[in-house]
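**Q** If you scroll down you'll find the structure; I have some questions about it.
The values are calculated or read from the model by the stated rules, or taken from the named source; none is laboratory data. All values derive from a computational prediction rather than experimental measurement. Here the Cβ is made from the backbone with ideal geometry for all residues, glycine too, and neighbour counts use every protein chain on show.
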Amino acid sequence: MPSRPPTRATANYKGSTSSCEGFGVAKASVLPGTVVDDAATSAAWSGTEVTGTSAYDTATVTGVASFTPSGSVTYRLYATGTCAGTASSTQTVSLSGGLVPSSAKTAALGAGAYSFEASYSGDGNYTGSSGSCEPFSVAGATASVATVVNDAATKAAWSGTEVLGASAYATSTLTGVAGFTPTGTVTYSLFTNGTCAGAPSATDTVTVNGGVVPKSSPTPALAAGPYSFEASYSGDSNYKASASSCEVFRLPRTPRPLRSQSQRRVSPTATSRRRSSASPSRPSTVRPCPTATR
């Protein structure tokens, strides 16, 4: 059977290849999302945390389906609430399977404003980027104030057996958070009642030194009656102002000594004095009997 003749196209054109039509795919942009967590509770920062609390940051990098992000994330901690200035600490972690490890826990934080920022390095499919600034704050803690009333003569705790004219003074201790020594002042207030009510009769302000509170000045000699001391702490950059409980003490009345039965008897001398002071009696007049007349 004779062969079929070639078609016109085959007969008129040679095979050829088009020019290369290049095209590109830009890297996608992802923004890391961050959340600040309380290291003690592992929950999101609530804003009620106080001096001594520790924090850490978590981040997520969400890419396009089928293209898992790789690379690294750098966490930056700032001692401001605006992520401004130089970071106080940085930490870089590597993504694994698209997951971003959490940052390390911070040291115990003093009261103030802070912020975290997370930066993503990018990879072959994603551009580098930085997340939004995550501010958080730490409130001042409360330092407990404990007060004891002492007898100025014995320097021991007030016993209640002190007598008229005794003098007293107060001592206080401040207990704060480990690593944050309280500073500031303590004011001792003395009241001439047993309730710390009204205006104090005297005040004495001392300066806390190395967390130690000096004692108050001794009171003047006290009259019988109820008294009370209260110590008020000024607070500082890490602690709120606070006060001790009312410390009541009392000086009992001194009983008058009872006279013995013998002391109550009237002495002969007193009797003699009474007789001598009495007015003399009139002498009796003897009248002769009349002679009878016979």
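**Q** Being in contact with a Ser or Thr (Cβ under 6 Å, 6 or more places away or on another chain) and not in a strand (DSSP E or B) is the filter here, so list the residues in segment 120-129 that pass it.
**A** Residues satisfying the conditions are 121, 123, 128.
**Q** Scan segment 223-243 for residues that are more than 23 Å from residue 177 (Cβ to Cβ) and touching an Asp or Glu at 6+ places or on another chain (Cβ under 8 Å) and report the count.
**A** Counting residues in segment 223-243 that are more than 23 Å from residue 177 (Cβ to Cβ) and touching an Asp or Glu at 6+ places or on another chain (Cβ under 8 Å) gives 3.
**Q** For segment 1-108, which strands (runs of 3 or more DSSP E) that fit wholly inside it have 1 or more residues that are free of Cβ contacts under 8 Å to residues at least 40 places away in the same chain, small (Gly, Ala, Ser) and out of contact with any Asp or Glu (no Cβ under 6 Å at 6 or more places or on another chain)?
**A** Details: elements: 33-38, 55-60, 72-78, 89-94.
In segment 1-108, 89-94 are the strands (runs of 3 or more DSSP E) which contain 1 or more residues that are free of Cβ contacts under 8 Å to residues at least 40 places away in the same chain, small (Gly, Ala, Ser) and out of contact with any Asp or Glu (no Cβ under 6 Å at 6 or more places or on another chain).
**Q** Of the conditions (1) exposed (fewer than 14 other Cβ atoms within 10 Å of the Cβ); (2) modelled with pLDDT of 95 or more, residue 263 clears all except one; give me its number.
**A** (2)
**Q** So residue 45 passes all but one of these: (1) farther than 16 Å from residue 127 by Cβ; (2) in contact with a Ser or Thr (Cβ under 7 Å, 6 or more places away or on another chain). Which condition number does it fail?
**A** Result: residue 45 passes all but (2).
**Q** Among the numbered criteria (1) more than 20 Å from residue 110 (Cβ to Cβ); (2) touching a residue at least 40 places away in the same chain (Cβ under 8 Å); (3) of a type in the set (S, T, N, Q), which one does residue 207 miss?
**A** Condition not satisfied by residue 207: (2).
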